[in-house]
Each structure stands twice: as C-alpha cells, then as structure tokens.
Amino acid sequence: LMPELWRRVANFLSPSEILIFKKTSRLGQQVTVDLLSGKIVVAAGRKAFIFDTETNKLLHTLEGHTDDINCCKFSKDGRRVVTASSDNTAKIWDTLTGRLLLTLSGHTDWVIACAFSPD
C-alpha cells in the first residue's frame, strides 16, 4: 500500500491488527481497498475498516468473518460494502451504521472476488 494510506490505516489499528496487516501484505495475500465519495474501505485479515478520507477518522470496523477477507467493494451509491472471504461467505454491510445486513453462505470454496451489479 502507499505510505500515506498505510499511515492512515495504522493510526486506527491495534498492535495485533497491525501485525496481521503487515503479515498479510508481506506474504502477498490480497490486502484489498476500495474508495468511493469520501470513504475508503480497507480489509486485512478477518476485518474491514471504513475510514472518512477527509478527516482520516475510522467510521466502522466490520467484524464477522471467520477467515481472511479477499475482496471488498462499495456499492455504486456508497450505502453498502460487500466483503468476500476465505470462510466461504460474502457479507453485505451498511456503510452508515457498520451493521451486517446479510451473509451470503452456501459457497463450497473460498469467495475470492465480489462486486455489486451496476444497477
């Protein structure tokens, strides 16, 4: 990740989360990021973090996956985030509250990519 982004993220992580973030980055596993209209979502390990890009404030920590998150994306309108995980699920989150809205289970293997339909 870019040094500026790393500084923003590191300010909001605990020491153990920083170690997970660094370990994940160093091993070449996907540390995934998406940016939309003043917010950034960063996922590393089993958590995703939504930050306000203007204030650098941590808005929400998205917790609920039982294995590493492989991908995270905002919906087109920015009201939702989807995360895809090696726990064989995808989860949809509300970006205003950080609340888990839906778990998409039933996958027989890791979910390695995610996206919202443009419509």
Euclidean distance between Cα centres, region 78-112 to region 48-74, Å: 12
Just to verify a number: what accessible area does Arg80 come out at with the full protein assembly present, 1.4 Å probe, Å² rounded to tens? 70
Using a 1.4 Å probe, how large is the accessible area of His60, given in Å² and rounded to the nearest 10? 40
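The values are calculated or read from the model by the stated rules, or taken from the named source; none is laboratory data. Everything numeric here is computed off the predicted structure, so don't read it as measured data. These area figures cover heavy atoms from the full protein model, side chains too; ligands, DNA and RNA do not enter into them. Shrake-Rupley method; radii C 1.70, N 1.55, O 1.52, S 1.80 Å.
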